[in-house]
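Input: a single structure, listed below in structure tokens.
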Amino acid sequence: MRVALVPVKELRRAKRRLAPLLSPEERWALSLVMLQDTLAALSNVEGLNRLAVVTSDQTVVELARKAGAIVIQEDEQRSERHSVDQAADILKARGARSLLVIPADAPFCSGGEVRCLLEKAAAEPSITLVPSRDGKGTNAILKSPPDVIPSRFGYDSLRAHIAEARKRGVSYEILELPSLSLDIDEVEDLLLFAQEASETETYRVLVGMGVLERRHASPSA
């Protein structure tokens, strides 16, 4: 069984680096709609058997259940690494042979590219890594089995994942996928996303917020 796992932190704490451009309420709304787009993109991918979400946020729990996802609810999030690795153990115990970890803030996520990622996966034990736009971070990782290596997040996580794979004798592949390379953490990411029209709910929400116009009117933001 192949499972896609989306880790989601508490929405009220999310996207603080977007504070120069968005209010707390707007950051909350953006985080929620990006998650909706991500779950929608993953819901019909051939080769994925189930969706799962790990979170301590009750709003996210309700949204994930409506989307038909397995919900792994935490009392509190200690760290993203802890959340993902604990969820990996739980999902492996429920029969998962492979785990695809996808961020909740990648609204460009394409079902076709996710299917490509699954098709290119090597036999276990193995990992397939999708780099972030700067080539330093990891925007998606397919792990077979789910606990084949510990998770790493943040700056230079791509190199850290490769080091873990080499240390454990696990085969790895790096696969560049445009739809997964852009996650929205910084104002620059948000503006880059908003400049290209898309059919996502995230784009429609940002247009409604007037993000591009606001940025042009306030270049110091």
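Derivation of every value follows stated rules applied to the coordinates shown; laboratory data play no part. The model shown is predicted, which means the values in this text are computed figures rather than measured ones. Reconstructed Cβ throughout: ideal geometry from the backbone, glycine too, with neighbour counts over all protein chains shown.
Here are a few things to note about the model shown:
- Residue 25 paired with residue 163, simple spin-label distance in nm, labels 7 Å along Cα-to-beta-carbon: 4.5 nm
- In this structure, the residue pairs whose Cα-Cα separation is over 23 Å, taken from 9/167; 92/136; 15/120; 66/143; 15/136, are 9/167; 92/136; 15/120; 66/143.
- Distance between the pseudo-spin-label points of residue 155 and residue 78 (7 Å out from Cα toward the beta carbon): 2.5 nm.
- Computed [θ] at 222 nm, deg cm²/dmol, the chain (DSSP H ≥ 4; -39,500 (n - 2.57); rounded to nearest 500): -12000 deg cm²/dmol
- Of 190, 83, 43, farthest towards positive along the dipole that unit charges on Lys, Arg, Asp, Glu beta carbons give the chain: 83
- Coordinate range of the alpha-carbon atoms in the chain per principal axis, descending: 53, 33, 32 Å.
- The order of the peptides 43-53, 137-147, 68-78 by mean Cβ neighbours within 10 Å, most packed first, is 137-147, 43-53, 68-78.
- The charge dipole of the range 2-211, taken about the Cα centre with unit charges on the Cβ atoms of Lys, Arg (+1) and Asp, Glu (-1), comes to about 620 debye, rounded to the nearest 20.
- Estimated vicinal HN-Hα couplings, Hz - the range 45-62 in sequence order (Karplus 6.51, -1.76, 1.60; Gly, Pro = x): 7, 5, x, 9, 8, 8, 9, 9, 10, 10, 6, 10, 8, 5, 4, 5, 4, 5
- In order along the range 81-98, the Karplus-derived 3J(HN,Hα) couplings, from 6.51 cos²θ - 1.76 cosθ + 1.60 at θ = phi - 60°, round to 4, 4, 4, 5, 5, 5, 5, 4, 5, 5, 5, 4, 5, 8, x, 6, 9, 9 Hz, and Gly and Pro are given as x.
- Charge-dipole axis of the chain as Lys and Arg at +1 and Asp and Glu at -1 on Cβ define it, positive-most pick from 149, 53, 14: 149
- Here the Karplus curve 6.51 cos²θ - 1.76 cosθ + 1.60, taken at θ = phi - 60°, turns the phi angles of the range 144-160 into couplings of 9, x, x, 10, 4, 9, x, 7, 10, 9, x, 4, 6, 5, 4, 5, 5 Hz, with x standing for Gly and Pro.
- Compared with the direct C-alpha span, the chain from residue 59 to residue 89 gains 8.4 nm at full extension, assuming 0.36 nm per residue.
- Per-peptide packing, taken as the mean over residues of other Cβ atoms within 10 Å, places 198-207, 1-10 in the sequence 1-10, 198-207 from highest down.
- Positive-end residue of 161, 203, 63, charge dipole of the chain with Cβ unit charges: 161
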